[in-house]
1. Determine which lysines satisfy two conditions relative to Lys44: a Cα distance under 24 Å, and not lying fewer than 8 residues away in the same chain.
2. What angle do you read, to the nearest 10 degrees and between 0 and 90, between the alpha-carbon axis of helix 2-22 and the longest principal axis of the chain?
3. Give me the three principal axis extents of the stretch 268-325 from the C-alpha atoms, as integers in angstrom, largest value leading.
4. Can you spot the lysines whose alpha carbon is less than 28 Å from Lys394's alpha carbon? Ignore those fewer than 8 places along the same chain.
5. Between Gln497 and Leu200, what length comes free when the chain is fully extended (0.36 nm per residue of separation minus the Cα-Cα distance, one decimal in nm)?
6. Is the shape of the stretch 141-293 best called rounded, prolate or oblate, per the rule: a/c under 1.5 gives rounded, else a/b larger than b/c gives prolate, else oblate, with a ≥ b ≥ c the square roots of the Cα gyration tensor eigenvalues?
7. Tell me, in nm to one decimal, what length is gained between Asn267 and Arg461 on full extension, where the rule is 0.36 nm per residue of separation less the Cα-Cα distance?
8. Local charge sum around Leu518 (other residues, Cβ-Cβ under 15 Å, Lys/Arg +1, Asp/Glu -1)?
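Bear in mind that the values in this text are calculations on the coordinates, not laboratory data. Because the structure is a prediction, the values reported are computed rather than measured. Quick reminder, even Gly has a Cβ in these numbers, built from the backbone with ideal geometry, and neighbours come from all protein chains shown.
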Amino acid sequence: MLGDVLVFANGLVMVLMINLVVSHYFFRIDLTEERRYSLKDQTKSILQNVDDDVYVEIYLEGDLNPDFKRFQKSITETLEEFRIYSNNKVRYVVTDPNLAMSQKAQSEFMTDLANRGIQPMNVIGQKDGKRIEQIVFPGVIVSYGGLETGVMLLKGNKASEINQSVEGIEYELANAIYKLTSTDQKQIGFVSGHGELESLSIAAFQQDLQELYAVSKINLQDRESLKAQDALIIAKPTQTFSQSDKYNLDQYIMQGGKVLFLIDKMNASMDSASQEDYFVLPYDLNIDDLLFKYGVRINPDLIQDRSSSFYPIVTGQTQGKPNMQLIEWPFFPLINHYADHPITRNLDAISTKFISSIDTVKAEGVKKTPLMMTSEFTRKVTAPVSVNVNQLRKELKPQDYTLSSIPVGYLLEGKFSSLFKNRFLPEGADQSSSIGDGKETKLIVLGDGDIIRNDVNPRTRKAQPLGFDPFTNYTFANREFLMNALAYLTDEGGLIQARNKEIKIRPLNKEKVNAEKLKWQIINVALPILLLVMYGVARAYWRKRKFAQY
């Protein structure tokens, strides 16, 4: 009896000692194949450097369907990991917007959430054989130091929206916390002086950028301001670059500068598309040789794609009023074929207008990643291109769209060689300070400048959200793509890598379940009882043998 007490006491002391030692060493073990409960190192670094409390209010609550319940559970699980790695500085609560005291209070509360960036979503489902509709708010409000930001967590391709949104929870939340806690704003410069888009045309994206970056307009002749920029955006230039401007841009890249090129190769416009004899020709931008040196060539063509946006045309009149019909316009491709890359992972479709194909050419030391490709039913029309809205009346012939997955956007990474290496420099350039072989850097080249352009509401004269299609009231992923692109170009810490998280769905095989249902029911119900009986019989036999010898 005394020996048993000593064994128990020793075991208790051992457990206490182990707990005491382990309490000084924090670790977590994730046994899932895709590491779904593990945070990226960049996320952990952000959380460990938070100075004050971060409050997160979750508004996805209520009588949710199974998909949204899984989504809500993933949000709370991720925030629980955030709490642990931030040393309890991240705190969260769940609020149900539908619990307001009155209909008016509920409406005001929902309007307030929408104004703070949490847009409602109408979910239609079945319950007890009846069709039900429910308003949900799949987002959170993140607050820190008197500042707050709304984060919509439901994003991705509509075909698998919930699962893709689950994969993006860590990045969206970590990015929101980084945005509120970071005091070091990156400098983003919009290049001007060559007929680039400006003012209301890019107001929506500039407003989004200003939440994260210090945004300014840059002239390539201002070399001091140019050096201070962490990244440049060249948004649809329509006028020729001088040799001096091209040299300054080249030297900026040689010094490690990052550039987002949004280039319209062809001078196409819907304003002239109603003319029978309207033919589109290439712009003379004088930067083809620069891009060629870096490893890509934007071709003088336009893409036509069977997967495209709609455009309204007049099909007749009724009582003196025109009848409008939305018809797919092949010159406005919808891009939904991407590389497996953090910039484009889980993106919805991107709306483009008059986009050109891009080829690669040899460039030593440069890695080329095709970020965006067309659909499987595409064709290229080489300049001069006839663009006429009357073509919408003609029936599309599938046999004309024989090309597939044409690249229209490239990411270039590596050490670039200068276009002006071993060449005469423009007048006024300093030969002694010219760089021939550059530092490691990144460029993104897209064959469409309108990807950054927002529509303007004709009644209010205010910019509409980037990617918003006024004809279908659908918002495409243009904003998300461009924000991800700039995050990848400027993010030295690598937070964008959190977008690479993958969560696999492992659904049951329904046919196999039906075929083997009885077998597994018997195994799960009868086998434990059988094992228990066998254990009882074996134990009784062992006891009989043990005491029989006495």
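1. Lys44 reaches Lys73, Lys89, Lys155, Lys179, Lys186, Lys501, Lys504.
2. Tilt of helix 2-22: around 10 degrees.
3. For the stretch 268-325, the Cα extents along the three principal axes come out at 59, 25, 13 Å.
4. Leaving aside lysines fewer than 8 places away in the same chain, those within reach of Lys394 are Lys265, Lys321, Lys353, Lys380.
5. 103.7 nm
6. oblate
7. Gain on stretching Asn267 to Arg461: 67.3 nm.
8. +1
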